[in-house]
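Reviewing the structure listed below.
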Amino acid sequence: MPPRNYLNRSLGDGIRTIGFRKWYERELLSSHAHMLLALLSTIALMAIMELFHGATVSQKFLNTGLFILSGAVALWSLRRYLYLLSHAEAVADQANCPQCAEYGRLSVVEEDRHNERLLVKCRKCSHEWTLIP
Ligand SMILES: [Zn+2]
């Protein structure tokens, strides 16, 4: 399975190596970096539209290419931002221990990569439950 976030580890590897809270923090940082890229691409789109006034035909072709490129980057980064944020929040909603309500203090017991499920154990009370990433 390809990594969902190239700037962060998968959920199972992340919990094992850096812990759930650090993994979650990095997912949020990655998603907000994509949001910043979407914002900058949108500013570039507006600047390119300003360049169309008084441009020659060859410059307009160049501006059109840059406009399409900036639009593609803006759409891609907005999509990544929303995906990474919603994925991190969906996992964080399941990170409370059902027995003692401890948040984010868990360790991986078993990882089922085929069905994309993670059996985790609370580090406070040793209760086990399944995370669906
Ligand atoms: Zn617990």
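Some notes on this structure:
- Within the stretch 111-133, considering residues that are among the basic types (Lys, Arg) and within 14 Å of the ligand (Cβ to nearest atom), the one surrounded by the most Cβ atoms within 10 Å (Cβ to Cβ): Lys121
So that you can scan it fast, the table gives a plain yes or no per residue for (1) touching a His at 6+ places or on another chain (Cβ under 9 Å); (2) within 16 Å of the ligand (Cβ to nearest atom); (3) of a type outside the set (Ser, Thr, Tyr):
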| residue | (1), (2), (3) |
| --- | --- |
| Thr64 | no, no, no |
| Ser70 | no, no, no |
| Ser77 | yes, no, no |
| Arg80 | yes, no, yes |
| Gln94 | no, yes, yes |
| Arg105 | no, yes, yes |
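- Qualifying residue in the stretch 21-38 (condition: of a type in the set (A, V, I, L, M), over 17 Å from the mean Cα position of the chain (by Cα) and at pLDDT 95 or above): no
- Listed by first and then second residue, the pairs with beta-carbon distance under 6 Å, at least 6 apart or on different chains, first residue in the stretch 1-29 and over 20 Å from Asn115 (Cα atoms), second of a type in the set (Asp, Glu) and modelled with pLDDT of 85 or more, are Asn8/Glu27.
- Screening Met49 against (1) within 16 Å of the ligand (Cβ to nearest atom); (2) over 24 Å from Leu7 (Cβ atoms); (3) part of a helix (DSSP H, G or I); (4) not acidic (Asp, Glu) leaves a single unmet condition, (1).
- With respect to the conditions (1) touching a helix residue (DSSP H, G or I) at 6+ places or on another chain (Cβ under 9 Å); (2) surrounded by 14 or more Cβ atoms within 10 Å (Cβ to Cβ); (3) more than 17 Å from Leu7 (Cβ to Cβ), Arg26 lacks only one, and its number is (3).
The values are calculated or read from the model by the stated rules, or taken from the named source; none is laboratory data. Computed from a predicted structure; not experimentally measured. All Cβ positions, glycine included, derive from the backbone under ideal geometry; neighbour counts span all protein chains shown.
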